[in-house]
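Please read the structure below before turning to the comments.
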Amino acid sequence: MRIVATTPVQDCFDGSTVFTYWFDTVWTPDLVQVLRCLGELEYFSDFPRPFFRLRCGSGLQVKGVVGEDNCQVILPRAEREVIRESFERCFAP
């Protein structure tokens, strides 16, 4: 799974920055489970559109839907660029 595009989303009032990340494949239940190695994963497989949310100790949050080729990434104010680069390295070829 590789990142193919990143687009900014309207910034939040709390100082965080939100991006939509687009991937070369869709999220599957197995790919979602791999995110567990990055932090606390919540996976709602019983929803009509299975939803996942990842919270990392760094303050990074990832939200997405199984079957879609994108997710929203919320970056914290502190260490924003370092955390962003670290997240993107997880999807480098």
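The values are calculated or read from the model by the stated rules, or taken from the named source; none is laboratory data. Values in this document were obtained by computation on a predicted structure and should not be read as measured data. Cβ placement follows ideal geometry from the backbone for every residue including glycine, while neighbour counts extend to all protein chains displayed. Accessible surface areas use protein heavy atoms only, side chains included; no ligands, DNA or RNA. Shrake-Rupley method; radii C 1.70, N 1.55, O 1.52, S 1.80 Å.
Could you check, for segment 10-19, whether at least one of its residues is of a type outside the set (D, E, K, R) and in contact with an Asp or Glu (Cβ under 7 Å, 6 or more places away or on another chain)?
Let us first name the residues in segment 10-19 that are of a type outside the set (D, E, K, R), namely 10, 12-13, 15-19.
Now narrow it down to the ones that are in contact with an Asp or Glu (Cβ under 7 Å, 6 or more places away or on another chain): 17-18.
Yes, there is a match, as at least one residue in segment 10-19 is of a type outside the set (D, E, K, R) and in contact with an Asp or Glu (Cβ under 7 Å, 6 or more places away or on another chain).
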* Asked: Considering only segment 70-87, how many residues are open to solvent by less than 60 Å² (accessible area, probe 1.4 Å) and of a type outside the set (Val, Ile, Thr)?
  -> 7
* Structure fact -> Output for Cβ contacts, cut-off 6 Å, separation at least six or different chains, first residue of a type in the set (Val, Ile, Thr) in segment 39-63, second open to solvent by less than 70 Å² (accessible area, probe 1.4 Å), reads 62/54; 62/71; 62/73
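Specify the residue that is surrounded by the fewest Cβ atoms within 10 Å (Cβ to Cβ); the eligible residues are those in segment 32-67 that are part of a helix (DSSP H, G or I) and out of contact with any strand residue (DSSP E or B) (no Cβ under 9 Å at 6 or more places or on another chain).
Step one: filter segment 32-67 for residues part of a helix (DSSP H, G or I), giving 32-38.
So of that shortlist, the ones also out of contact with any strand residue (DSSP E or B) (no Cβ under 9 Å at 6 or more places or on another chain) come out as 34, 37.
Values: 34: 12, 37: 8.
Here the answer is 37.
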* Working only within segment 24-78, note down all residues that are of a type in the set (S, T, N, Q) and either touching a Lys or Arg at 6+ places or on another chain (Cβ under 7 Å) or farther than 17 Å from residue 92 by Cα (or both). => 28, 33, 45, 58, 61, 72
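Can you name every residue in segment 15-30 that is under 12 Å from the mean Cα position of the chain (by Cα) and open to solvent by 30 Å² or more (accessible area, probe 1.4 Å)?
Here is the first cut: in segment 15-30, the ones under 12 Å from the mean Cα position of the chain (by Cα) are 18-23, 27.
Matches in segment 15-30: 22 only.
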* Structure fact -> Sole miss for residue 93 among (1) over 20 Å from residue 2 (Cβ atoms); (2) open to solvent by 60 Å² or more (accessible area, probe 1.4 Å); (3) part of a loop (DSSP other than H, G, I, E, B) is condition (1)
